[in-house]
Amino acid sequence: MRARYGVPLGITAVGTAGLIYAAGIEPRAFRLRRVTVPVLPSGMRPLRVLQVSDIHMVGGQRKKQSWLRSLAGLRPDLVINTGDNLSDPEGVPEVLDALGPLMEFPGAYVFGSNDYYGPRPRNPARYLLEKVQGRHGLNGNPPVVGAVHNPWEDLRDGFDAAGWQNLTNTRGTLKIEGVSVELTGLDDPHIKRDRYAEVAGGPSSAADFSMGVVHAPYLRVLDSYTADGYPLVLAGHTHGGQLCIPFYGALVTNCDLDTDRVKGLSTHTSGGHTSYLHVSAGCGANRYTPFRFACPPEATLLTLVGRES
């Protein structure tokens, strides 16, 4: 009996343990990623940028809310929110409460598809199928029908009231101790709301530093930002692959970005220019697939320094 059933039972036990870890432990193992990026003009003082992304707030996520509030202790120069704050139509008050201490700092935001629409149950295997077929989001898939509409206007109003800049297909400028930082943002490419033509033209000569901000790092967007000469682009959306294979990495990115750049700092080249790209793995997950494996939830503190560094 032992010889016959020992191996299947062992596999079952390992699988069960892995599921418990992926559902109950790693999604709450919040981490701060620290990255140094040499993108500033020579002689400019360093800038500390805190990026939060893909919160996917669901009611009752007290540990996540407490961790987000604690990030204010980093005292960043500015905060960039790269979208997908919601995974619950009732989650706006908890998002605003969790981000309240961070909204005391200069900041800006873009929205992702889950800020506009509520999630639906979905077979995770479809992400692999869509990757094979070259279909991502509404970029090749049929339009969403019967989606739940999230109260994104309330989220926008809360961010705006705190002084954060709305970068929805527009430019904004923040003054930080006399330094002019230009932010050029897009609405979510994952659902075809990006309008790069409305912000094209590259960095303003009046700004001391400029960077691009977008939720989903689709290649068409990265090509445009890079060809226009932006030295840095911040994005989220990918969840870092969410369910990764140890010592191998991510299987999918949920967009047309390659898996080698699914999270963290990398570069992108287009039109004879090269930009730095930072993709946040985010700190949440869709409420119907609340799992993470070999990809802990995170926020990132980016220290921007002079190019000579």
### Summary
For the chain, the helices passing both cut-offs (Cα extent along own axis of 15 Å or more, Kyte-Doolittle mean at least -1.0, full DSSP H runs) are 2-20
### Query
Quick one: length gained pulling GLN133 to VAL145 fully straight, 0.36 nm per residue minus the C-alpha distance?
2.2 nm
### Query
Which distance in nm do the two modelled labels at ASN166 and LEU301 give, with both placed 7 Å along the Cα-to-Cβ direction?
3.1
## Note on the structure
Dividing the helical contributions, -39500 (n - 2.57) per DSSP H run of n ≥ 4, by the residues of the chain yields a 222 nm value, nearest 500 deg cm²/dmol, of -6500 deg cm²/dmol
### Simple spin-label estimate for LEU219 and LEU32 in nanometres, 7 Å along Cα-Cβ
3.6
### Message
Please compute the length gained on full extension between ASN123 and ASP154, using 0.36 nm multiplied by the number of residues separating them and subtracting their Cα-Cα distance.
### Response
8.2 nm
### Summary
Gyration tensor on Cα atoms of the range 159-221, a ≥ b ≥ c root eigenvalues, a/c under 1.5 rounded, else prolate if a/b beats b/c, else oblate, says oblate
### Query
Given LYS63/LYS192; LYS64/LYS263; LYS131/LYS192; LYS63/LYS131, which pairs have Cα atoms separated by over 27 Å?
LYS63/LYS192; LYS63/LYS131
### Task
Heavy atoms only, probe 1.4 Å: what % of the accessible area of the chain goes to carbon and sulfur, would you let me know?
55
### Summary
Rounded to whole Å², per residue accessible area for the range 132-192 with a 1.4 Å probe reads 47
#### Entry: With at most 14 neighbouring Cβ atoms within 10 Å, loop GluC sites (Glu not before Pro) (DSSP) excluded, longest segment of the chain
178-307
### Summary
Given chymotrypsin sites (Phe, Trp or Tyr not before Pro), DSSP loops and at most 14 other Cβ atoms within 10 Å, the longest exposed-site-free stretch of the chain is 1-246
### Query
In terms of modelled amide H atoms, which long-range or inter-chain residues lie less than 5 Å from the amide H of ARG33?
ALA299, THR300, LEU301
#### Entry: Karplus (6.51, -1.76, 1.60) ³J(HN,Hα), θ = phi - 60°, over the range 264-272, in Hz, Gly and Pro reported as x
x, 9, 8, 10, 9, 10, 6, x, x
## Note on the structure
Answer in debye to the nearest 20: the dipole magnitude of the chain about its Cα centre, from +1 Lys/Arg and -1 Asp/Glu charges placed on Cβ, is 1240
### Task
Using the heavy atoms of the protein chains and a 1.4 angstrom probe, tell me the accessible area per residue for the range 217-309 in square angstrom.
36
#### Entry: Segment ARG62-TYR248, extension gain: residue separation times 0.36 nm, minus the distance between their alpha carbons
63.8 nm
### Query
Residues with amide H under 5 Å of HIS56's amide H, sequence separation 5 or more or different chain, H placed in the peptide plane at 1.01 Å from N; which?
ASN85, LEU86
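The values are calculated or read from the model by the stated rules, or taken from the named source; none is laboratory data. In this text the structure is predicted, and so the values were computed from the model without any measurement. All Cβ positions, glycine included, derive from the backbone under ideal geometry; neighbour counts span all protein chains shown. Side chains included, ligands, DNA and RNA excluded: accessible areas come from the protein's heavy atoms. Shrake-Rupley method; radii C 1.70, N 1.55, O 1.52, S 1.80 Å.
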